[in-house]
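Enquirer: Got a structure for you, written out below as structure tokens; questions coming shortly.
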Amino acid sequence: MKTRLLTGFLISFLFALPLSGQNHSDNKPIRDFQMSIIPFIGTDGAETLHNRYEASLNIFAGITGGVEKFEAGGFLNITIGHVNGMQLSGFGNLATGHVNAFQAAGFFNVNSGNFNGFMGSGFINVAAGQTQGFSGAGFANVVGGGYHGFSGAGFANVVGGGYHGFSGAGFGNVAGGDIQGFQGAGFGNVAGGNLQGFQGAGFGNIAGGDIQGFQGAGFGNVAGGDIQGFQGAGFGNVAGGNVKGAQLSGFI
């Protein structure tokens with residue numbers, strides 16, 4: 001089963017990578033409907049790549065130049081352009097442009113541009129650009145840019161930029177930039193920049209910059225800069241700068 005899922009994931013990229021340089025423009029013609037059995041085999045043939053569609057139906061898999069309202073696929077939807085509205089797929093959704101939509105898939109959602117809306121999948125959600133909204137996955141959520149909203153995953157949430165909102169994961173949350181909000185994880189939270197808000201983890205919390213707020217962990221907390229607030233841990237707390245507040249620890 002795992003081999004089949006991995007094979008399908010790789011096939012989706014093989015379809016999309018040669019097409020990633022295609023035009024994402026909103027100037028593509030809009031048509032009412034297309035239906036494909038597999039990519040380029042359907043009502044509009046290879047023309048699906050050059051058109052945007054109000055509604056799109058892919059019996060197994062299909063490729064379109066954009067989605068304006070709704071698309072459903074039995075296995076895979078690939079959009080070489082922007083997605084607006086809703087995308088549903090039994091296995092995965094892949095869009096090379098911006099997405100303003102609700103996306104749900106049994107295995108993955110991957111978007112090369114910015115994302116505004118909701119992403120839900122059984123395994124992983126990936127957005128290369130800025131994200132505003134909600135991401136929920138059984139394994140992980142990965143965002144290349146900043147994030148405004150909520151992300152929840154069974155394993156980890158990773159944000160390349162700053163984070164505004166809430167992250168919840170069974171293993172860990174990682175943000176490359178500043179955090180304004182809340183991070184909660186069964187293992188650990190990492191913020192590359194400053195923290196304004198709350199970090200709570202079963203093992204440890206790390207903030208590379210200043211902290212204004214609260215850090216609570218079963219093992220330890222680390223702050224690279226100044227602290228204005230509270231650190232509480234079962235083992236130890238570390239502050240790289242000045243502390244204005246309270247540090248409580250069972251050991252150090």
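The values are calculated or read from the model by the stated rules, or taken from the named source; none is laboratory data. None of the values given here were measured: they were computed from a predicted structure. Don't worry about glycine lacking a Cβ; one is built from the backbone with ideal geometry, like all the others, and counts go over all protein chains shown. What goes into the accessible areas is simple: the full protein's heavy atoms, side chains included, and nothing from ligands, DNA or RNA. Shrake-Rupley method; radii C 1.70, N 1.55, O 1.52, S 1.80 Å.
Enquirer: Could you give the size of the charge dipole of the chain about its Cα centre, using +1 on the Cβ of each K and R and -1 on the Cβ of each D and E, expressed in debye and rounded to the nearest 20?
Expert: Details: 7 positive and 10 negative charges, 78 e Å.
Around 380 debye, computed over the chain.
Enquirer: What does the charge count near N51 come to, summing +1 for each Lys or Arg and -1 for each Asp or Glu among other residues with Cβ under 14 Å from its Cβ?
Expert: Its environment carries a net charge of -3.
Enquirer: Given the range 18-154, what percent of its DSSP beta bridges are antiparallel, to the nearest 5? Spell out each step's value before the answer.
Expert: Working: 2 of 66 bridges.
Counting only bridges with both partners in the range 18-154, antiparallel ones make up about 5 percent.
Enquirer: Here's a follow-up. K69 accessible area, nearest 10 Å², 1.4 Å probe?
Expert: Its accessible surface works out to 130 Å², give or take rounding.
Enquirer: Oh, and also: Expressed as a whole percent, how much of the Cα-Cα distance distribution for the chain exceeds 22 Å?
Expert: On the way: 17474 of 31626 pairs.
The calculated P(r) of the chain puts 55 percent of pairs beyond 22 Å.
Enquirer: Take the alpha carbon gyration tensor of the range 110-186, find the square roots of its eigenvalues, order them as a ≥ b ≥ c, and report rounded if a/c is under 1.5; if not, report prolate when a/b exceeds b/c, else oblate.
Expert: On the way: a/c = 1.59, a/b = 1.05, b/c = 1.51.
Oblate is the answer for the range 110-186, as a/c is 1.5 or above yet b/c matches or exceeds a/b.
Enquirer: Using modelled backbone amide H atoms (1.01 Å from N, in-plane), which distant-in-sequence or interchain residues come within less than 5 Å of D226's amide H?
Expert: D210, I211, G241, N242
Enquirer: Suppose all protein chains stay in the model; what accessible area per residue would a 1.4 Å probe give for the range 36-77, in Å²?
Expert: Values: 1580 Å² over 42 residues.
Using a 1.4 Å probe on heavy atoms only, each residue of the range 36-77 averages 38 Å².
Enquirer: Return the carbon/sulfur percentage of the accessible area of the chain, one whole number, probe 1.4 Å, all protein chains in place. Working shown, then result.
Expert: Working: 6850 of 10460 Å².
Summing carbon and sulfur atoms, their accessible area is 65 percent of the total for the chain.
Enquirer: When the Karplus curve 6.51 cos²θ - 1.76 cosθ + 1.60 is applied with θ = phi - 60°, which whole-Hz ³J(HN,Hα) does each residue of the range 54-64 get, with x for Gly and Pro?
Expert: Per residue, the Karplus-derived 3J(HN,Hα) values read 5, 9, 9, 10, 10, 4, 10, 8, x, 10, 10 Hz.
Enquirer: Report, in deg cm²/dmol and to the nearest 500, the calculated mean residue ellipticity at 222 nm for the chain, where each DSSP H run with n ≥ 4 adds -39500 (n - 2.57) and the sum is divided by the residue count.
Expert: On the way: 1 runs with 15 residues, N = 252.
Value at 222 nm, helices only, nearest 500: -2000 deg cm²/dmol.
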